[in-house]
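Enquirer: Attaching a single structure in structure tokens format; questions to follow.
Nothing in this text is a laboratory measurement; each read-out follows from the coordinates by a stated rule. Because the structure is a prediction, the values reported are computed rather than measured. Cβ coordinates were reconstructed from backbone atoms using ideal geometry, including for glycine residues, and neighbour counts include every protein chain displayed.
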Amino acid sequence: MDLDVLVIGAGQAGLSAGYFLRRGDRSFQILDAGQAAGGAWRHGWDSLTLFSPAAQSALPGWPMPAVPGGGYPPRDAVIAYLTAYEARYALPVRRPVQVTAVRRAAEGLQVEAADGAAWTARAVISATGTWSHPFIPDIPGRDVFAGPQIHSAHYRRPEDFARKSVLVVGGGNSGAQILAEVSRTAAQATWVTDRPPVFLPDDVDGGVLFDRATARWQAEREGRPPPPPLGGLGNIVMVPPVMEARARGVLHSLPPFARLEAEGAVWADGSRVAADVLIWCTGFRPALDHLAPLGVVEADGRVRVSATGRALAEPRLWLLGYGDWTGGASATLAGVTRAARAAVAEIG
Ligand code: FAD
């Protein structure tokens, strides 16, 4: 056996696992496909900022430095924090290593990389996030639309859409934030959402949502009635650019269209909106291709796991950071600590 524990992915989830492993005496290695530290934050758009203050966005052990002058940390501050975090705890990250397969071995699990390298480990923590698997719904006419289509995963800046007619599809935080800034440069920006978007009150940010989720978790553990939910982590946080878009009167959405045609979208009642370009803000799916040889990935693209993220069908595998199904708020900086601590404690 090469190692006690192999962690796949060195985003915020993999680093949190590394922190708890570092405190024990198990041998471990973290493999990461990225060219440098920062996980998905390296790929966020230019203006992307956290929707929680630095004080509520810390990984275990070390607070994120506050933003000089106040405000929410921008994307580059998160990348700098994750880079420094890796160095501070001397986490053994090896990159770029693209893991292609995890298989059952005579003892433990075998982890294989694209360059032919392979390791065996007693336990594997998969923390590969979702960014590399953007999701676009299968809408009729998608292949007929004549203009470019991009996913929010690859969106960079509003200047790229100057004087264009843009359709922004998706009612989450990405859709709202991209609509807010694209509507400043585009000739026309139309927002299309599945349901009417749910805007949180102006004074409820990610930090408040996280505190409320923690209070609910504690109440459930202690058998008390949980406080009422304030809104989900998927609801739209009124960050300053979204408030500005509301003040400009552009924060309105249309219901889903029936199909796309070459020049734009068509609704069931025959109404049409012309578009030069389409931005899909329709979310992501867990990046779990490397687990295919284990046969644990279900039809919905997830793995059935216990409360600690342990795969029910493979007891040497843990999943970390993919969303609430791998631990409440585990896809957030502040929320992943609880899930990482539980997984590493169980590995022992
Ligand atoms: P990632 O950050 O995606 O890290 C996964 C790592 O695994 C990457 O480095 C990748 O290269 C690597 N990897 C993937 N596949 C393989 C493989 N096969 N082999 C080896 N390595 C691999 N969260 C907050 O806490 N606060 C916020 O304010 C916030 N705002 C957000 C706003 C937007 C618009 C979006 C889209 C997300 C936001 N998030 C926020 C969520 C956050 O960005 C992600 O949930 C988070 O990056 C997930 O961390 P992770 O470590 O699970 O995955």
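Enquirer: Mind checking the dipole of the chain: about its Cα centre, +1 per Lys or Arg Cβ, -1 per Asp or Glu Cβ, Debye to the nearest 20?
Expert: 480 debye
Enquirer: Would you calculate, for the chain, the mean residue ellipticity at 222 nm contributed by helices, counting each DSSP H stretch of 4 or more residues as -39,500 (n - 2.57) and dividing by all residues, to the nearest 500?
Expert: -7000 deg cm²/dmol
Enquirer: Separation of region 273-348 and region 22-92 by C-alpha centroid, Å?
Expert: Cα centroid of region 273-348 versus Cα centroid of region 22-92: 19 Å apart.
Enquirer: Rounded to the nearest 20 Debye, what is the dipole magnitude of region 1-75 about its Cα centre when Lys and Arg each give +1 and Asp and Glu each give -1 at the C-beta?
Expert: Value, rounded to 20: 180 debye.
Enquirer: Now for a separate question. Could you calculate the FRET efficiency of ALA101 with ARG195 from 1/(1 + (r/R0)^6), where r is the beta carbon distance between them and R0 is 45 Å, rounded to 0.05?
Expert: That gives a FRET efficiency of 0.70.
Enquirer: Taking N as the number of residues in region 97-234, what value does Rg over Cα atoms divided by 2.2 N^0.38 Å take?
Expert: Relative to the 2.2 N^0.38 Å estimate, region 97-234 comes out at 1.52.
Enquirer: For the chain, the longest stretch holding no GluC sites (Glu not before Pro) located in a DSSP loop with at most 16 other Cβ atoms within 10 Å is which?
Expert: Answer - 108-221.
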